1. Determine which single condition residue A:189 fails, assuming it passes every other condition in (1) under 30 Å from residue A:87 (Cβ atoms); (2) within 14 Å of DNA strand C (Cβ to nearest atom).
2. Would it be correct to say that residue A:9 is surrounded by 15 or more Cβ atoms within 10 Å (Cβ to Cβ), more than 16 Å from DNA strand C (Cβ to nearest atom) and either under 21 Å from residue A:107 (Cα atoms) or not assigned by TED's automatic domain parsing to the domain that holds residue A:176 (or both)?
3. Taking the condition of being part of a strand (DSSP E or B) and either of a type outside the set (Lys, Arg) or away from DNA strand C (no atom under 16 Å from the Cβ) (or both), how many residues in the stretch A:249-288 meet it?
4. Please work out if residue A:290 is within 16 Å of DNA strand B (Cβ to nearest atom), on the phi < 0 side of the Ramachandran plot and surrounded by 14 or more Cβ atoms within 10 Å (Cβ to Cβ).
5. Select, from A:31, A:63, the only residue that is outside the structural domain of residue A:183 (by TED's automatic domain parsing) and either more than 16 Å from DNA strand B (Cβ to nearest atom) or among the charged types (D, E, K, R) (or both).
6. Has the stretch A:31-53 got any residue that is hydroxyl-bearing (Ser, Thr, Tyr) and either surrounded by 21 or more Cβ atoms within 10 Å (Cβ to Cβ) or more than 15 Å from DNA strand C (Cβ to nearest atom) (or both)?
7. Only one of A:83, A:57 is closer than 25 Å to residue A:239 by Cβ and either modelled with pLDDT under 95 or β-branched (Val, Ile, Thr) (or both); which?
8. Residue A:103 - would you say it is away from DNA strand C (no atom under 15 Å from the Cβ) and small (Gly, Ala, Ser)?
Amino acid sequence: MPELPEVEVVRRGLETWVAGREIASAEVLHPRAVRRNTGDLADLLVGRTVVSAERRGKYLWLPLQDAGSPVEDALMAHLGMSGQLLMIEPKEPAEKHLRVRIGFADGGPELRFVDQRTFGHLLVSPLSVRPSRTVPEPIAHIAPDPFEESFDDAEFAIKIRRRQTGVKRALLDQSLISGVGNIYADEALWRARLHWARPTETLTGKKVAELLAAARSVMTEALGEGGTSFDRLYVNVNGESGYFDRSLAVYGRRDEPCPRCGAPVRRDAFMNRSSYSCPKCQPRPRNGRW
DNA sequence: AGTCGGCCCTGCGAGC
DNA sequence: TGCTCGCAGGGCCGAC
C-alpha cells in the first residue's frame with residue numbers, strides 16, 4: 001500500500017485539483033468502499049466545498065465547508081493496499097475497480113476512488129479539535145507522523161523503549177508513529193543497522209534517534225522520487241507512478257547483494273508478510289522478538 | 001493495558 | 001494451457 005511518501009504525493013495532487021471546488025454528486029459503486037459511513041455518501045457531500053487536503057501518516061482528509069458555517073467535517077480517505085485517488089474527466093469510461101466517483105459543480109475533472117483489493121475506504125466524519133492539531137475523529141488515536149511539528153522525538157524514544165516487542169512491529173504500530181509501512185520500515189532498519197526482531201526494550205536512546213533519522217531520510221528521498229511503485233497499483237492523481245523502487249537497498253531484493261557489504265539480502269516471513277534485511281549488517285539478536 | 005494472530009479482498013506470477 | 005499456491009505496500013478486532 002501507499003505509505004507516507006506515496007500518500008503525500010496524492011495529497012499534493014488533491015490540494016491542487018480539488019481545493020475550493022463544490023461537490024455536486026457522489027456515486028458509490030462498491031459498498032465496501034464506504035462501509036464505515038452511517039449515511040448515504042451523496043447526502044453527506046453534495047453542496048459542500050473542499051477547503052484543502054490534509055494528511056497524517058497514511059490517512060488523507062479533505063475538510064468540508066458549508067456556505068457560511070465553520071468547517072466541522074471532513075471526507076477522510078485511507079488507500080489500504082491498492083487504493084488510488086484519481087482526477088478524471090467525467091466523460092472518461094469507468095476504471096475496472098472504480099468504487100466511488102465524486103463530481104463537482106464546475107463540471108471539471110471528477111475525483112475517482114479506484115481500489116482493486118477494497119481494503120481502502122472513504123469516510124465522512126467530524127473533525128476533532130486537539131491542542132496540537134485538528135484531525136478526523138476516527139484517527140484521533142494515531143500518533144503524529146515524523147514530519148509533523150507535534151511529533152516529539154524524546155517522547156517517541158521513551159515510548160518505544162517501554163514496549164515489549166520487536167522493533168519492526170513497533171515501527172508499524174500507527175499509535176506509536178504513523179506513516180511507516182513495510183517497505184520503509186525495512187529500509188529504515190537497514191540504514192540504522194537494526195534487525196527487525198531486536199527487542200525494543202534493549203534499544204539505546206542514541207539508536208532510537210538513529211532509527212528516526214533513517215526513517216525520515218528514506219521517506220524524504222522517496223518523496224523526492226515521487227514515491228515507490230512496483231506496479232501500476234500506486235500512482236499519483238494523474239496516474240503516474242514514482243521511481244523510488246530503484247533506490248531501495250533491501251526491500252524486495254532477496255539474494256541480491258547488500259549495497260553496503262555485499263552479503264546476499266535475506267527474506268524472513270514476518271506477520272504474514274516479508275521482512276528483508278542484510279544478514280551481516282543486521283545480525284539477528286539473541287532473544288529476538290516478533 | 002499491552003501484545004499478537006487472524007482476517008478482510010483481488011489479482012498476478014511462479015511452478016507444476 | 002490451466003490449475004494451485006504464495007504473495008502483495010494495512011489495519012481492525014477479538015483473544016489472551
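1. Among (1) under 30 Å from residue A:87 (Cβ atoms); (2) within 14 Å of DNA strand C (Cβ to nearest atom), the lone unmet condition for residue A:189 is (1).
2. no
3. 9
4. The answer is no for residue A:290.
5. A:63
6. Start the filter on the stretch A:31-53 by keeping residues that are hydroxyl-bearing (Ser, Thr, Tyr), which leaves A:38, A:49, A:52.
Next, only the ones that are either surrounded by 21 or more Cβ atoms within 10 Å (Cβ to Cβ) or more than 15 Å from DNA strand C (Cβ to nearest atom) (or both) stay: A:49, A:52.
Yes, the stretch A:31-53 contains a residue that is hydroxyl-bearing (Ser, Thr, Tyr) and either surrounded by 21 or more Cβ atoms within 10 Å (Cβ to Cβ) or more than 15 Å from DNA strand C (Cβ to nearest atom) (or both).
7. None of the others qualify; the one that does is A:83.
8. The answer is yes for residue A:103.
The values are calculated or read from the model by the stated rules, or taken from the named source; none is laboratory data. Everything numeric in this text was worked out from a predicted model, so none of it was measured. Cβ: placed from backbone, ideal geometry, glycine included. Neighbour counts: every protein chain shown.
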